[in-house]
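The values are calculated or read from the model by the stated rules, or taken from the named source; none is laboratory data. Keep in mind that what you see is a predicted model, and the values were worked out from it rather than measured. Don't worry about glycine lacking a Cβ; one is built from the backbone with ideal geometry, like all the others, and counts go over all protein chains shown.
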């Protein structure tokens, strides 16, 4: 091979190599990005279709604070939990403003969606703090059971919970957000609700 100008030949080959290398790197980057997207999409789809995922949603949350004349303030917390996941969950703890609630202060009612469908999205009403005593309490005509331990919520079901809160909320907290946390074996679910006054 007869090369008249070897320096020009080397420069041309070097320029061609830079273009080819850039194209190869660009193709590799696109291929890598597509692989990552396909993998992520596959994992997400598998998790969405899985029957073993937890998905708990708070609904109709309330915190009522009653200011008593003797200076002691009382609070009642109420909320609904929808279990939208594919398996039953066990509520292991309920935490309000960083304080774990004692089970005897927790009252719950598992909604029968067939006969009590109206309760699924009905508003919750205040119930007197001092009346939340004993093994069973009637609230708005429905029987609530005093918790003795973990509360089970089956897949697709809804539970209503009323809590006789201890002295951790005062009239000074009215209008402020109150943190509510529910813990299962696998996760903690946290929400906030603005405290309401009871006059």
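A few remarks follow.
- Being touching a residue at least 40 places away in the same chain (Cβ under 8 Å) and either over 14 Å from residue 59 (Cα atoms) or assigned to a strand (DSSP E or B) (or both) is a property that residue 190 lacks.
- Checking 133, 106 one by one, the residue that is under 12 Å from residue 78 (Cβ atoms) and assigned by TED's automatic domain parsing to the domain that holds residue 60 is 106 and no other.
- From 146, 176, residue being in contact with a helix residue (DSSP H, G or I) (Cβ under 8 Å, 6 or more places away or on another chain) and in the same structural domain as residue 126 (by TED's automatic domain parsing): 146
- For segment 90-107, the candidate set comprises residues that are under 25 Å from residue 197 (Cβ atoms) and assigned to a strand (DSSP E or B); within that set, the residue that is modelled with the lowest pLDDT is 99.
- Total residues in segment 126-149, condition surrounded by 15 or more Cβ atoms within 10 Å (Cβ to Cβ) and not in a strand (DSSP E or B): 4
- In segment 108-121, of all residues being part of a loop (DSSP other than H, G, I, E, B) and without any contact (Cβ under 8 Å) to a residue 12 or more places away in the chain, the one that is farthest from residue 157 (Cα to Cα) corresponds to 115.
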